[in-house]
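Asks: Pasting a structure below so you can have a look.
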Amino acid sequence: QVQLVESGGGLVQPGGSLRLSCVMSGSIFSFYPMGWYRQAPGNQRELVAGITPGGTTNYADSVKGRFTISRDNAKNTVTLQMNSLKPEDTADYYCNTKIGSATYWGQGTQVTVSS
């Protein structure tokens, strides 16, 4: 059974940085695309960044130039480096993968950007 476990959220001041990690188990990590989504209170869940098995990345316009997604296939881990954080980045962040017709989500990690 596929499991995704996120870590690395927390409270940070505007302009600060956080690094989120997600470890996948239960399938062959290197085969599948990975993504980070976020959901702020009252908002729909939105894609933040994605990475293909080959390493091609895509980003939401709101985070381009500030966030970087990467993957380490040897460690079954996808990472989201978040720099120059803004209060509007405050949300619960979720790791995601799609395997065939199935979509898997982690439990989420909370990011709060506030002074």
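Asks: Determine the per residue accessible area of the chain with all protein chains present and a 1.4 angstrom probe, expressed in square angstrom. Don't jump to the answer; show the numbers that get you there.
Replies: Values: 6010 Å² over 115 residues.
On a per-residue basis, the chain sits at 52 Å².
Asks: Rounding to the nearest 20 debye, state how big the charge dipole of the chain is about its Cα centre with +1 on each Lys and Arg Cβ and -1 on each Asp and Glu Cβ.
Replies: With Lys and Arg at +1 and Asp and Glu at -1, about 160 debye.
Asks: Nearest-5 percent of antiparallel DSSP beta bridges in the chain?
Replies: Numbers: 38 of 41 bridges.
Of all bridge pairs located within the chain, approximately 95 percent are antiparallel.
Asks: Once ligands and nucleic acids are excluded and a 1.4 Å probe is used, how much of Asp72 is accessible, expressed in Å² to the nearest 10?
Replies: That residue has around 60 Å² of solvent-accessible surface.
Asks: Can you return the lysines within cross-link range of Lys75? Criterion is Cα-Cα under 27 Å, with same-chain partners fewer than 8 residues away left out.
Replies: Leaving aside lysines fewer than 8 places away in the same chain, those within reach of Lys75 are Lys64, Lys98.
Asks: While we're on this one: What's the ranking of 50-60, 91-101 by average number of surrounding C-beta atoms within 10 Å, highest first? Could you put the intermediate results ahead of the total?
Replies: Values: 50-60: 13.9, 91-101: 17.3.
So the peptides 50-60, 91-101, ranked by packing, come out 91-101, 50-60.
Asks: Which percent of the accessible heavy-atom area of the chain goes to carbon and sulfur, probe 1.4 angstrom?
Replies: Details: 2840 of 6010 Å².
Whole-percent figure for carbon plus sulfur exposure: 47.
The values are calculated or read from the model by the stated rules, or taken from the named source; none is laboratory data. Because the structure is a prediction, the values reported are computed rather than measured. Heads up, the Cβs are rebuilt from the backbone with ideal geometry, glycines too, and the neighbour counts pull from every protein chain shown. Keep in mind that these areas ignore ligands, DNA and RNA; they rest on the heavy atoms of the full protein, side chains included. Shrake-Rupley method; radii C 1.70, N 1.55, O 1.52, S 1.80 Å.
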